[in-house]
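Report on the following structure.
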Amino acid sequence: MHEDLLLLDNIRLNFSQASLHIMNITIGFIMFGVALEIKWDQFRDVLRNPRKVIVGLLAQYLVLPAVTFLAVWLLGGYITPAVAFGMILVASCPGGNVSNFISSVAKANVALSVSLTAAATVLALIFTPLNFAFWGKLYSTTSPLLRPIVIDPVDMFRTVIILLGIPVAAGILFSQKLPRITEKIKKPIKTLSLLIFAAFVIMAFRNNYGYFIMYAKWIIIIVLIHNGMALLSGYFTASAFGLNQIDRRTISIETGIQNSGLGLVLLFNPKIFPPELNMGGMAFIAAWWGIWHILSGLGLATFWSWGRPLRKTEVVSS
């Protein structure tokens, strides 16, 4: 295990209580904006033709956490427990809100992307706490050098309800009751929420710039590998179920774009992760994920958009 990463775990990041409140509000605002584009018709469409969405959710909430667990187990001699838990936490989160835009750049199935974002966001109320509790506990028992970490799924569930459940319900209700206003504000809100979140991440890195530069090479390599595995997990899961090229791209993007901002908010909740756990590595993994998955997603989407036109047989719905 590298000494730099061991030192990284003991770092207490410079986040004031006020900045954490701002982060909570930002995530809530982002999820409200995402929910403005969720229509009840999408859920009806999913029920009528659920196969593609089910495959996407399997990639998101089963394959990615399992592959992540395998990765942290194989890398056990090279990464610290906090870094491993950071990877597991990110893998337990739902898809990020920029996945729909990235899917449009990639010439993927935007309708499927929106449906997956909606379904994954709602199901995160259950699967984010349960996935982290399950895979985190399993990792604790397989690592002989690791003292068991006790995470209360109830506290995590309560936090997810506040951060996701309430804003999403409010956004859906707002869009249903005020459709004309929704059409006017949903794009500006999406743009504003991305700018606010980007500004928050930049400020977080500014306050902890020295630490990041010191350990950047390890954080970047680990997140690069993990994000690549996430993108491949989505693509090959869709391939295994015989979905067409367009839908493979969509599910790859949905699986590779994670709501790591939610992970950060959960991480800085002292009722879920007490400060004495020394989770500096965990925080840096989640924070860098929030930047890198946008860069990698846009890079992959641009590559796909420049590729040869797909044949009709590749575009036709499976």
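Laboratory data are not the source of any read-out in this text; all were calculated from the coordinates shown. Small disclaimer: the values here were computed from a predicted structure and weren't measured. Cβ atoms come from the backbone with ideal geometry, glycine included; neighbour counts cover every protein chain shown.
If I model a spin label at Leu125 and Glu183 as a point 7 Å from the Cα along the Cα→Cβ vector, what separation in nanometres do I get?
According to this spin-label approximation, the distance is 2.9 nm.
Points 7 angstrom from Cα along the Cβ direction at Leu75 and Arg48: gap in nanometres?
4.3
At what distance in nm do the modelled label points of Ile161 and Ile22 sit from each other, each positioned 7 Å from its Cα along Cα→Cβ?
That separation, rounded to one decimal, is 2.9 nm.
Residues of region 51-79 with backbone nitrogen within less than 20 Å of a virtual label 7 Å along the Cα-to-Cβ line of Ala240, please, listed as ranges.
Correct set: 51-75.
Between Ile291 and Leu173, what is the FRET efficiency for a Förster distance of 35 Å, r being their Cβ-Cβ separation, to the nearest 0.05? Could you put the intermediate results ahead of the total?
On the way: r = 32 Å, r/R0 = 0.92.
It comes out at approximately 0.65.
How much length is gained on full extension from Ile225 to Leu192, taking 0.36 nm per residue of separation minus their Cα-Cα distance? Could the numbers behind the result be given before it?
On the way: separation 33, 0.36 × 33 = 11.88 nm, distance 3.00 nm.
Gain on extension, Ile225 to Leu192, equals 8.9 nm.
Given R₀ = 25 Å, what would the calculated FRET efficiency be for Trp306 paired with Leu232, taking r from the Cβ atoms and rounding to 0.05? List each step's numbers first, then the result.
On the way: r = 20 Å, r/R0 = 0.80.
The pair Trp306/Leu232 has a calculated efficiency of 0.80.
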